[in-house]
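Throughout, read-outs are computed from the coordinates displayed, never taken from laboratory work. What you see is a predicted model; the values in this text were computed from it and never measured. For neighbour counting, all protein chains shown are included, and Cβ atoms are generated from backbone atoms with ideal geometry for every residue, glycine included.
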Amino acid sequence: MENKTNAVEQINMHEEMRRAFALLSGKWKLEIMWLLNQRIYRFGELRKAISGITQHMLTAQLRELEKDGLVSRTVFAEVPPRVEYEITEKARALGPTMEALTTWWNEYGKTVPVKSSPRGRKARNT
């Protein structure tokens, strides 16, 4: 007879990968993480850098990333308040994954059809 307790105790990699994907799933999370991997951003800078994102959605996505420990938020006691976002060391460990995606895109990106309409709201002309 098989030892079923051993199977239960083993890590279910499918479930673990679903948890990992859930951390970065969301309409804008990967784009936010990509930008924050480059440098520290203020809220307004992120909003301008991500064409089509609403203030509400950016706030929601940043809160989720902060809750998951991938982004840190620093509030400076100034008038008006200044808030900066940066990726955490935990998120910085995703750097090789982002580099691999960049390498893949450089090789295959031109073969991916361009989508006809951008996601989200249209960018405002500033």
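Computed values, structure above
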read-out	value
Per-selection Kirkwood Rh - the stretch 15-58 (Cα, Å, 1 d.p.)	11.4 Å
Other-chain or far-sequence residues with amide H under 5 Å of Leu70's (modelled H)	none
Loop GluC sites (Glu not before Pro), the stretch 35-97 (other Cβ atoms within 10 Å of the site Cβ: 13 or fewer; DSSP)	Glu78
Members of Lys29/Lys67; Lys29/Lys110; Lys48/Lys115; Lys27/Lys115; Lys48/Lys110 lying beyond 19 Å, as alpha-carbon distances in this model show	Lys29/Lys110; Lys48/Lys115; Lys48/Lys110
